[in-house]
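Accompanying notes for the structure given below.
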Amino acid sequence: MLGSTHGTLTTDFRARVVACGEEPHAAVVSLPTATRQGGLDVSGRPLHLAVPDLDRFFRPRSVAVVGASDAEGRPNTGITRQLIAWAERVGARLHPVHPARPAVFGRECVRSVAALPEPVDLAVLLVADPLPVIEELGEAEVPFAVAFASGFAETGEAGAAAQARLAAAVERSGLRLLGPNTNLNAFERFRDDLEGPAIALITQSGHQGRPLHALQELGIRLSHWAPTGNEADLETADFLAYFAQLPEVGAIACYVEGLKDGRSFLLAADRAARAKVPVVAVKVGRTEAGAEAAASHTGKLTGADQVVDAAMRQFGVVRVDGLDELQDTAALLARARPPKAEGVAVYSISGGTGAHFADLATAAGLTLPALSPDKQAELHTWIPEYLNVANPIDNGGHPVGDLRGRKIIDAILADPSVGVLICPITGPFPPMSDRLAKDLADAAEATDKLVCVVWGSPVGTEDAYRTTLLGSSRLATFRTARNCVTAVKAYLDHHRFTDRYRSPFEDAPRTPSPSFRKAQNLLRPGRQLSEHAAKQLLRAYGIRVPREQLVTSAAGAVRAAGPVGYPVVMKASGPRLAHKTELGLVKVGLTSASQVRDAYRELTDIARYESVDLDGILVCQMIDRGVEMMVGVTHDALFGPTVTVGLGGILVEVLHDAAVRVPPFGERDAREMLGELRGRALLEGVRGGAPVDVDALVEVVLRVQRMALELGDDLAELDINPLVVLGRGQGAVALDALAVCR
């Protein structure tokens, strides 16, 4: 096993690299603690997110409403009325601002921001063009503003230009702006009679947050709602980082249409992960086409949404598809205590219901442990012997109507392998379902384990549901089996993730390694490197390549074959030469001088015919055993460099079996990438094959990550394919490489 978990080489790996005459790429100069706490990583990206103090945005002492109105039929009138009511609820003094009106709703108006009678914490702009007001707000040192106006980036190029001017004005002013193209959701009424951890809500579309706001009617507390709109200034990441530090917030729910800055989002998600605050997100764009296919295999494998998905998973963000999943998952994560065990027990009054639910749960990756023989014998005290109680547990129906019902539930919860009890109730069958609901609610109050109920009735007006189940703050109630399974899996995954989480930004490299200085001399801006040059780039970072020589004559090829060692492979090498095999520019298994001489002439003839520029012919060591993988680097418009690993060789573009991570990441992430591959069994040995050197593959992934970070935007793409992973302890060899410089 590797000793480090965050991107540096282990002691064993370092020894292996030094033995090959390479400088370990992670050997960087120690930095003072103060420098390590902030600053930039080696790629020039920030390692620290400044969290805005939004207390006075959500709970201002005084508010200015610019463009306030009480004229009948005007949109601003309804908004002003709602803001007045909100200000009264939060205890804020409200000052209407209007150049022509003496008063609005009986409140004295001031003519301009400059005439405000006191400093204000928040300015709400009800004007069509907020730009002229921004400078006034800056001069008045107003810390926060909201712009409702539309007609900006959502309308096209002209609107985007107008939004850029607004953003620039905001930056000059020193204030923080929510919007434009936002709404009144931040000023909604939140119930103050509900207890327990709350959900904080972030939505780019206000309407998409309505289902979560309605959760209050089911007894689930909401504390904040940030409708970010076009995010000219304040963005999702700002609110995410702020909410993660609030003690009353149990979970953060997000509806995201587009992220403004990838690194800011990851730093905010990192803050939430370190605070163990769950983040659940709907991110639209799963079917969005990725960037235009690049020259490398890696570029064709990695679409924009795949990178978003990987980045969210990497930092513990639970991604769901539907708003119903968002509300159910966020509600469970906000209120449930940490699990005592990962086992799930399914308890039902019907064998069919239990079997169906067990299928759904198992398919989702939940573990349903078989209860011990002693526990099954105990359950058969109350349940007929002919019914299955191993898990799922079928009680046959009648025991739920008397004292046996609660005893069964308590016995299941007492099993140490069970951390979650789920009881699917497909429909009401009073009075027994009423008794079952009460027993479940009472048991949930008495245990420190999670108890879930799926109330399958389409009606939802039953007293057992509305009063008994929803009346319990400790019981998690769902309307569909799939949402229950999704939420429970997210609950277990979240706690498993946060229990072992360590921020990758803590150990991100801040200074270039000696490898970087070597690599700089090899880059050719705007060009694709030849295979020979690309392999030199790999050597600079200690990635093993075959013995090989670049030759420019048939005689030179014959001379090179001796020290390289027969049999040899011969390949054309030249810039802009991406796929040599398709052009017949690779010859394999050459065993004599005459074959080498003939191959040289054939390769150069094909190159002339195909008008391919060559820098020579490579005479390479032949390596024909091992598992072919690929490791590569591409650039994502949002997150910057990304690292991909997957099955390689000719199958790479057929199977599309690849996993992605956004640097920085550590060894654990590199290993988890391999675990995500459908073909991961090939690494463990199949059909009598021996396991391969997974440690060496992980090492290559980490070295490629270091290369991606250090070379940054200068390296547009890198594709190592195939990377042959040899038997355990024998390493990995990059047989081919393609590199494109920006």
Assuming residue 566 fulfils every condition listed in (1) in a helix (DSSP H, G or I); (2) at pLDDT 95 or above; (3) surrounded by fewer than 16 Cβ atoms within 10 Å (Cβ to Cβ) apart from one, which condition is it? (1)
Assuming residue 73 fulfils every condition listed in (1) more than 30 Å from residue 261 (Cα to Cα); (2) touching a residue at least 60 places away in the same chain (Cβ under 8 Å) apart from one, which condition is it? (2)
Can you pull out the residues in region 455-494 that are among the hydroxyl-bearing types (Ser, Thr, Tyr), farther than 19 Å from residue 366 by Cβ and touching a residue at least 40 places away in the same chain (Cβ under 8 Å)? 473
Can you tell me which residue within region 601-653, out of those that are small (Gly, Ala, Ser) and under 17 Å from residue 718 (Cα atoms), is surrounded by the fewest Cβ atoms within 10 Å (Cβ to Cβ)? 637
From the options 390, 411, residue that is more than 30 Å from residue 248 (Cα to Cα) and either outside any loop (DSSP other than H, G, I, E, B) or touching a Lys or Arg at 6+ places or on another chain (Cβ under 8 Å) (or both): 411
For residue 597, indicate whether it is part of a helix (DSSP H, G or I) and under 11 Å from residue 557 (Cα atoms). yes
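Residues checked against (1) in contact with a Pro (Cβ under 7 Å, 6 or more places away or on another chain); (2) among the acidic types (Asp, Glu); (3) part of a loop (DSSP other than H, G, I, E, B); (4) surrounded by fewer than 16 Cβ atoms within 10 Å (Cβ to Cβ):
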position: 164; (1), (2), (3), (4): no, no, no, yes
position: 170; (1), (2), (3), (4): no, no, no, no
position: 183; (1), (2), (3), (4): yes, no, yes, no
position: 193; (1), (2), (3), (4): no, yes, yes, yes
What's the number of the condition residue 518 fails, among (1) in contact with a strand residue (DSSP E or B) (Cβ under 6 Å, 6 or more places away or on another chain); (2) closer than 25 Å to residue 705 by Cα; (3) of a type in the set (D, E, K, R)? (1)
Residue pairs meeting the criteria (Cβ under 8 Å; at least 6 apart or on separate chains; first at positive phi, in region 598-621; second surrounded by fewer than 17 Cβ atoms within 10 Å (Cβ to Cβ) and in a loop (DSSP other than H, G, I, E, B)): 616/552
Quick check on region 448-463: of everything there that is aliphatic (A, V, I, L, M) and modelled with pLDDT of 95 or more, which residue is farthest from residue 410 (Cα to Cα)? 454
Hand me the list of helices (runs of 4 or more DSSP H) wholly inside region 249-320 holding 3 or more residues that are under 25 Å from residue 153 (Cα atoms) and at pLDDT 95 or above. 262-274
Residue 714 meets each of (1) modelled with pLDDT under 95; (2) at positive phi with one exception, condition (2)
Please state which of the following conditions residue 728 fails to meet, knowing it meets all the rest: (1) farther than 27 Å from residue 570 by Cβ; (2) within 25 Å of the chain's Cα centre (by Cα). (2)
Within region 644-694, residues of a type in the set (Asp, Glu) and in a loop (DSSP other than H, G, I, E, B) come out as 657, 676, 693
Can you find even one residue in region 373-385 that is in contact with a strand residue (DSSP E or B) (Cβ under 6 Å, 6 or more places away or on another chain), buried (at least 21 other Cβ atoms within 10 Å of the Cβ) and closer than 26 Å to residue 337 by Cα? no
Residue 185 fails exactly one of the following numbered conditions: (1) under 26 Å from residue 284 (Cα atoms); (2) out of contact with any helix residue (DSSP H, G or I) (no Cβ under 6 Å at 6 or more places or on another chain). What is the number of that condition? (2)
Might you let me know whether region 195-203 holds any residue that is modelled with pLDDT under 95, touching a helix residue (DSSP H, G or I) at 6+ places or on another chain (Cβ under 9 Å), part of a loop (DSSP other than H, G, I, E, B) and assigned by TED's automatic domain parsing to the domain that holds residue 312? yes
Only residues that are among the charged types (D, E, K, R) and either touching a helix residue (DSSP H, G or I) at 6+ places or on another chain (Cβ under 6 Å) or farther than 30 Å from residue 725 by Cβ (or both): list them for region 603-628, please. 605, 608, 610, 613, 628
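The values are calculated or read from the model by the stated rules, or taken from the named source; none is laboratory data. Fair warning: this is a prediction, and the values are worked out from it, not measured in the lab. Cβ coordinates were reconstructed from backbone atoms using ideal geometry, including for glycine residues, and neighbour counts include every protein chain displayed.
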